[in-house]
2 protein chains.
Amino acid sequence: MKTILGRELPDYIDGYGEVTPFQGAFRDAGIKTRKAVKLTSVNPSDGKVLDNLEQVFDKLNIKDGMTISFHHHLRNGDHVLNMVVAGLANRGIKDLTVAASSIFPIHEPLVEYMENRVVTGLVANYISGPVAGAISKGKLKKPAIMQTHGGRARAIESGDLHIDVAFIAAPTADTYGNINGVYGHAACGTLGYAISDAEYADKTIAITDNLVPFPACPIQISQVLVDYVVQVESIGDPAGIVSGTTKITKDPVALIIAKRAAEVIKASGLVKDGVSFQTGAGGTSLAVAAELKDIMQREGVVGSFASGGVTGYLVEMLEEGLFKTLFDVQCFDLKAIDSYRNNETHQAMSASMYGNPHTKGAVVNCLDIMILGATEIDTEFNVNVTTGSSGLIMGGSGGHSDTAAGSKLSIVVTNLIKSRVPMIKDEITTMTTPGESIDVVVTERGMAVNPRRVDLIEKLRITNLPLVTIDELKTMAEKITGVPKAVQLLEKIVAVVEYRDGSVIDVVRQVMNTNVWG
Amino acid sequence: MKTILGRELPDYIDGYGEVTPFQGAFRDAGIKTRKAVKLTSVNPSDGKVLDNLEQVFDKLNIKDGMTISFHHHLRNGDHVLNMVVAGLANRGIKDLTVAASSIFPIHEPLVEYMENRVVTGLVANYISGPVAGAISKGKLKKPAIMQTHGGRARAIESGDLHIDVAFIAAPTADTYGNINGVYGHAACGTLGYAISDAEYADKTIAITDNLVPFPACPIQISQVLVDYVVQVESIGDPAGIVSGTTKITKDPVALIIAKRAAEVIKASGLVKDGVSFQTGAGGTSLAVAAELKDIMQREGVVGSFASGGVTGYLVEMLEEGLFKTLFDVQCFDLKAIDSYRNNETHQAMSASMYGNPHTKGAVVNCLDIMILGATEIDTEFNVNVTTGSSGLIMGGSGGHSDTAAGSKLSIVVTNLIKSRVPMIKDEITTMTTPGESIDVVVTERGMAVNPRRVDLIEKLRITNLPLVTIDELKTMAEKITGVPKAVQLLEKIVAVVEYRDGSVIDVVRQVMNTNVWG
């Protein structure tokens, strides 16, 4: 079986099941189903607060083989995932699947639980740190399933990803289960990645270190979705939750790339009243935002929205009137949290509203300009953000594929060469985002437009921008680095990369060198 | 077949189906299902704005026999229901079921559509005006189904009430279907009754007279739920939407009743920090709120929340710090709309979060004190708010049964005699709310506590309050009015009264005198 991108896939993968190969970014549209949910109704005399996690586990009757879910707004400060898995391990539970929207270095204890088969499955949109390394080395029994932010919401809502118990890390929860992320020691802002879990899990538990009297205000996740509430000492470490002040890069090469990207944006004709924009929180991406800001200010343009994970930089653009609103699925820093708490034009969105392709229209569909990163790009514009060139898992799509598919203009900004490895190759290690949804690759040495975008090529041809083909970019890089050797990998499939519609766009195979970092 | 209250019911009703007789307020709890929903996914290139209602009808392929739904936040100013039904009638559509959360006098055109079989079914929580009269006289082909606010949400979410197309009157909508009720000519505040419709209908249409660029802010109903958006000249008349300033009664008898009710509340011991409270917008109910306010101020009590349809009076209590938050399913006046728009502690709730018994806990479950009205009460404390003593439909449960079931202390406030008819009878015309969920009946001549509430009787016995039995209240009234004759009705069932769990608590039969008002 082959994907439309030519990737060979088995038709059945042990521990995953039957494979639907990727057939195009918008192939799987039409009539879709949000699944039915069974719930236990709560009568007026019933309470919800339990004394400790042990009581929660007793109530839930968690069994071997169940799927438990987590959201990642506490990022590298999250205490909840480790606490719950440790508690279940203590009870002798085996064969759990952990469905976490993302996995961070703090989740290192999972490695041991993978080794002793407490955890045998993992589903996530982004995996970094020791867990990523352990998966790459074949330590997880079943292949990890790597989804996109919108694809995870789709999988949960469709029933493809059945969650037995959702554990919601709740910076604030009241005694009847209403949750917000804006108050409490571990305040993290919006809770966009937790919404589908709360709505579609068989059981939903609020784990909080800030239990308040009924009712919490504001309410981001409603009492009608929450079975039990439990207070613990700490759900997270604020130092790991927020990344502090997000800063624009000072690297001169990255600044050149950002300037070029901004020139492409300008030439596209999209920078006019109502323009919308998303970028990651990386230094180069933020530099593009800064360049766009200059253009918008100079030309008096008022945009409709900026979206995504939100940084203080986007908050400033909102406050300066450059955008009318923000759509925020997760707050990256304290400034974003404060803004979301206090400014009604800083609006939350769920992961489903953000990027689920099987809704009546996600926010990514309304996005004009998207700035993306890459670890590898092939000459068909297919992008890898899942593995490094060594084959090790070091990330994942997150919102990459969702925004690339939805936006009118998706621009990958990257150095032409990183750590002496060329970024553009004939064949990339892992396909994450299909080239049909990538419009431009901007490097410091030149930029290439996807040949599908004849309209954009026309517009850029009349500028002074260094327009080349992607093959020319590849050749430029190879002249400096030589042609890179293909990475050698073992046969074993350690991860399945799902496109946002649930089809399989690629698989990740086990690395040979088990001494690599991770 | 009999309900637990002794009402004889057929086991099958033509045009309704099989009857599940009411067996107790909390009999139907446990594992429940929120139904699956089929939707058509929207790709980035798809637009949602249609030019006019005709285009909407073309897209939807509305057929004979379908169910179309409406919400009632525009109350007696609503233009949308009449506009849609007229449009469908023009296309020759027949046999529609109109599922509106409530029906008002402005919906009089429905009477003609009932007569000519454009509309053959009606589902609503409250029906007043000419439509109520026409149903009572047998003009609707199928029996109307009368639900509660929470019961309607339950029926929609469970699939008992399948909606083919939900038409959402949207005071503001953007071009991608995001809706709010706080801006626009027809601003009505919260949109609590429309949420389940938008979530569970096969198709959801936003009808607006204030189409704004994407994205609307705030968003109360999300783009992910809306198929199409259409702009019309006017969705509603503000004069009919808001009732102006809600005023406390000046009637001295009503004021005595309110004072007595407040004394019961005080004696109950519930007035302490964290107390919660709901009342209707009627003059006597508001007078109870005023009395409670005095007590709370005098005793320095800070309540947790007030809820329900929200009036300016409750807003004042919020602003004066007597409650920490409001839960608002619909705004009754301009002051409530302004407050909801500007004050984050004035929180919206959906009808499901308000009163659906088959969720993980509705807000009514958290309610301490509920002040209720009645058109008739029997000596088992069963209450009729569906029909007048003539047998004519003149209302319906709305939130009556939901709040009575959920609250710790439900008090019916009523004159002992109204229009020379005693309010307390051996047999009431229609059962709406079961006596097991009614705690106290307060009249100007005395108050009766439900014998089930031994605890409350103990507390009231040590006060000076005129405590009598409900039979004594009945006797007092009958001494003045004589024993009222039972109303004579025809056999034909014109409405089925569903309790909040979907069981049938009573039926309404056709009135004999077709000259009565309506």
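The values are calculated or read from the model by the stated rules, or taken from the named source; none is laboratory data. Not measured: the values here are computed from a predicted model. Every residue, glycine as well, gets a Cβ built from its backbone with ideal geometry; the counts of neighbours run over all protein chains shown. Side chains included, ligands, DNA and RNA excluded: accessible areas come from the protein's heavy atoms. Shrake-Rupley method; radii C 1.70, N 1.55, O 1.52, S 1.80 Å.
Some observations on this one:
- Consider region A:297-314 and keep the residues that are of a type outside the set (A, V, I, L, M, F, W, C) and more than 14 Å from A:Val275 (Cα to Cα). The one that is farthest from the chain's Cα centre (by Cα) is A:Arg298.
- Tallying residues that are open to solvent by 40 Å² or more (accessible area, probe 1.4 Å) and in a loop (DSSP other than H, G, I, E, B) within region B:297-331 yields 3.
- Test: residue in region B:40-63 that is within 14 Å of chain A (Cβ to nearest Cβ), in contact with a strand residue (DSSP E or B) (Cβ under 7 Å, 6 or more places away or on another chain) and β-branched (Val, Ile, Thr): yes
- Qualifying residue in region B:336-343 (condition: surrounded by fewer than 24 Cβ atoms within 10 Å (Cβ to Cβ), in a loop (DSSP other than H, G, I, E, B) and either of a type in the set (Asp, Glu) or away from chain A (no Cβ under 14 Å) (or both)): no
- Condition check for A:Asp251: away from chain B (no Cβ under 14 Å), in contact with a His (Cβ under 9 Å, 6 or more places away or on another chain) and acidic (Asp, Glu): no
- Within the span defined as region B:344-362, every residue fails to be within 14 Å of another protein chain (Cβ to nearest Cβ), open to solvent by less than 10 Å² (accessible area, probe 1.4 Å), closer than 30 Å to B:Glu436 by Cβ and part of a strand (DSSP E or B).
- A:Gly446, sole failed condition from (1) surrounded by 15 or more Cβ atoms within 10 Å (Cβ to Cβ); (2) at negative phi; (3) in contact with a helix residue (DSSP H, G or I) (Cβ under 9 Å, 6 or more places away or on another chain): (2)
- Region A:75-115, residues that are assigned to a loop (DSSP other than H, G, I, E, B), crowded, with 20+ Cβ neighbours inside 10 Å and among the small types (Gly, Ala, Ser): A:Ser101, A:Ser102
- Region A:395-438: number of residues that are in a strand (DSSP E or B), over 22 Å from A:Ala25 (Cα atoms) and either within 14 Å of another protein chain (Cβ to nearest Cβ) or open to solvent by less than 10 Å² (accessible area, probe 1.4 Å) (or both): 1
- Residue count, region B:227-277 (criterion: within 30 Å of B:Ile205 (Cα to Cα) and either touching a residue at least 40 places away in the same chain (Cβ under 8 Å) or under 22 Å from the mean Cα position of the chain (by Cα) (or both)): 17
- Total residues in region B:83-105, condition of a type outside the set (Val, Ile, Thr) and either more than 20 Å from the chain's Cα centre (by Cα) or not assigned by TED's automatic domain parsing to the domain that holds B:Gly151 (or both): 11
- Identification of strands (runs of 3 or more DSSP E) wholly contained in region B:29-74 with 1 or more residues that are modelled with pLDDT of 95 or more and within 19 Å of B:Gln231 (Cβ to Cβ) yields B:67-70.
- Of the candidates B:Arg500, B:Arg509, the single residue that is open to solvent by 50 Å² or more (accessible area, probe 1.4 Å) and closer than 30 Å to B:Glu18 by Cα is B:Arg509.
- Selection count where residues are open to solvent by 30 Å² or more (accessible area, probe 1.4 Å) and more than 9 Å from chain A (Cβ to nearest Cβ), scope region B:210-230: 5
- The number of residues in region B:3-28 that are within 14 Å of another protein chain (Cβ to nearest Cβ) and either surrounded by fewer than 18 Cβ atoms within 10 Å (Cβ to Cβ) or part of a strand (DSSP E or B) (or both) comes to 3.
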